[in-house]
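Report on the following structure.
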Amino acid sequence: MPRPAAWAAWVAWTSKSRLANAKCWRKPRVSGAFFLPKRDAQHISSLHSPLPQESGTGQGERDMHNQGNAAHIFLPEIEDTVFEGSHGRLVFEFHGNARDYFRIWIVNVALSIITLGLYSAWASVRTRRYMYANTALGGSRFEYLAEPIPILRGRLLAAAIVALLALAPHVSMRLLAACIGVMGLLMPWFIVKGMLFRARYSAWRGVNFRFDDDYVGAYKWYLVIYAVMAVLALVAMKLLITNGHQIVAALLIMIGVSVFQFMIYPWVRGKQQQWMAEQHYFGGKAFRFRFDPKVYRRIYRRVLGIYILSAIPAAILVFEIQRTLGWTPAELHQHPLTVKALSYLYAGPINLAIWAYIRVRMTNALYNHTSIGPYQLESSLSYGEMLRIYFTNAAAIICTLGLATPWAVIRVARYRAEHLRLEGSGSLDEFVQTSSRRARVSALGSEVDSLLGFDIGL
């Protein structure tokens, strides 16, 4: 039996040796954590450590850091988050570059072609991980934690549905109608499952986002509302046309379409954005959306104005072509290729301008009316600047036969991040700590859902 003094010295020496050899780095994941050797951990720690421009994470993570050190699990050093300005503002940052993303993109394209599209799931994961890891808020970068297999399952399901829709007309029109009907019934379910998957595997500061599986709301705003309006429109058309008043019916249909396009549809789009925002959670904290129908009606009224303004030059162009070439309106139908080419050359930029306007204004409306706790998101995308980016991106992609796609993607991502801010008061670190604590309550339901989840790429 060893003597007590010698035994105590031996225990102290072995404990010190185990502590010296146990240094590793811990990275939060969806379920549990994984451990790496010290040499590899130092490299990964440099990728995930707080950015030098702004400070790191908060009290909740400092507590985890201290507890980890006490348990002989050594984590990277962290600091307090500092808001810019007196009003409390944090700007999103994007640190990606076209050179690095091009390497990922070209490998993804090549392997997707070689594997007949099967590698596209892995390509999607690589792309999202790169984009998330290069997007930062408050010195901490976002994480995309999904694995490729669930995405592959979703894409195989989507491919099977597309193949069925393509083959159905060759078998029977009734089969096609049945397939379209079933797809319409399943579309809200697909939307919910896709959003569940995307949110579940997105994280910031080790706290996962979450999406509430509100299937009732999904069917309400993505199926029932359109079905009711379609039935009312069909009934109105049938009643008017069968009474023999075709001119009156045509006028009423035009009025109905206008009312739907610029009064009802903007309201529906706003309610869809409200539903989607309010089903999202950061940990245990729910996002809130302040719905204002005037904002959406204003967007689509201006879209109508763009259409009208673009129709005037189109009419002048057609008149000048007829006068220059000496063609009558009947002779225009004898040159369909020329007419189509001119139509695409004119309508292409117009449609891009309209699409860019809707995308910019709807993005600003979504973020500017969304808040979480004491913090408000603010998006200041400029339509003119985004339109310039889209046009130059399109020209570069066409001239390089697609090789400029990574450069175009990085330009858009950087501009969108630089014009998105988080404003509010109070300690962001305490907010993250509270969100993480509340998230533990719903962890079991999220884990069960992740077993059945998939990403269909909606």
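Condition check ((1) assigned to a helix (DSSP H, G or I); (2) within 25 Å of LYS294 (Cα to Cα); (3) modelled with pLDDT of 95 or more) across all residues:
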position: LEU366; (1), (2), (3): yes, yes, yes
position: ILE397; (1), (2), (3): yes, no, yes
position: ARG414; (1), (2), (3): yes, no, yes
position: ALA439; (1), (2), (3): yes, no, no
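Across segment 140-155, the number of residues qualifying as out of contact with any helix residue (DSSP H, G or I) (no Cβ under 8 Å at 6 or more places or on another chain) and modelled with pLDDT under 90 comes to 1. Of the residues making up segment 132-148, none is over 18 Å from TYR415 (Cα atoms), in contact with a Phe, Trp or Tyr (Cβ under 6 Å, 6 or more places away or on another chain) and among the β-branched types (Val, Ile, Thr).
For the residues TYR226, TYR201, TYR219, the requirement of being modelled with pLDDT of 90 or more and either touching a His at 6+ places or on another chain (Cβ under 7 Å) or over 22 Å from TYR132 (Cβ atoms) (or both) singles out TYR219.
Being modelled with pLDDT under 95, in contact with a His (Cβ under 8 Å, 6 or more places away or on another chain) and either among the charged types (D, E, K, R) or within 25 Å of PHE211 (Cβ to Cβ) (or both) is a description that does not apply to GLU430.
Let's see how each residue does on (1) exposed (fewer than 13 other Cβ atoms within 10 Å of the Cβ); (2) outside any helix (DSSP H, G or I); (3) at pLDDT below 80; (4) over 39 Å from the mean Cα position of the chain (by Cα):
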site: TYR296; (1), (2), (3), (4): no, no, no, no
site: GLY305; (1), (2), (3), (4): yes, no, no, no
site: ALA315; (1), (2), (3), (4): yes, no, yes, no
site: GLN322; (1), (2), (3), (4): no, no, yes, yes
site: ALA330; (1), (2), (3), (4): yes, no, yes, yes
site: TYR346; (1), (2), (3), (4): no, no, yes, no
site: ILE350; (1), (2), (3), (4): no, no, no, no
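Beta carbons closer than 9 Å, at least 6 apart along the sequence or on distinct chains, pair a first residue in segment 150-162 that is in contact (Cβ under 8 Å) with a residue 40 or more places away in the chain with a second that is part of a helix (DSSP H, G or I) and among the polar types (S, T, N, Q) for PRO150/SER450; ILE151/SER120; ILE151/SER124; ARG155/SER120; ARG155/SER124. Working only within segment 94-153, note down all residues that are surrounded by 19 or more Cβ atoms within 10 Å (Cβ to Cβ), touching a Leu at 6+ places or on another chain (Cβ under 9 Å) and part of a loop (DSSP other than H, G, I, E, B). Matches in segment 94-153: TYR119, GLY138, GLY139. State yes or no: is TYR144 within 19 Å of the chain's Cα centre (by Cα) and at negative phi? Judged against the criteria, TYR144 is a match.
In this structure, does GLY138 turn out to be touching a residue at least 12 places away in the same chain (Cβ under 8 Å), closer than 30 Å to SER427 by Cα and out of contact with any Gly (no Cβ under 7 Å at 6 or more places or on another chain)? Answer is yes for this residue.
Scanning segment 154-191 for residues that are more than 26 Å from VAL224 (Cβ to Cβ) and either of a type in the set (Gly, Ala, Ser) or not in a helix (DSSP H, G or I) (or both) returns ALA159, ALA160, ALA163, ALA166, SER172. Considering TYR357, TYR383, which residue is surrounded by 14 or more Cβ atoms within 10 Å (Cβ to Cβ) and within 15 Å of VAL295 (Cα to Cα)? Step by step, each of TYR357, TYR383 is checked, and only TYR357 is surrounded by 14 or more Cβ atoms within 10 Å (Cβ to Cβ) and within 15 Å of VAL295 (Cα to Cα).
Look at (1) of a type in the set (Gly, Ala, Ser); (2) crowded, with 20+ Cβ neighbours inside 10 Å; (3) at pLDDT 50 or above; (4) under 27 Å from TYR375 (Cα atoms) and you find that GLY88 fails only one, number (2).
The values are calculated or read from the model by the stated rules, or taken from the named source; none is laboratory data. Predicted model, so just to flag it, every value in this text is computed and none were measured. Cβ atoms come from the backbone with ideal geometry, glycine included; neighbour counts cover every protein chain shown.
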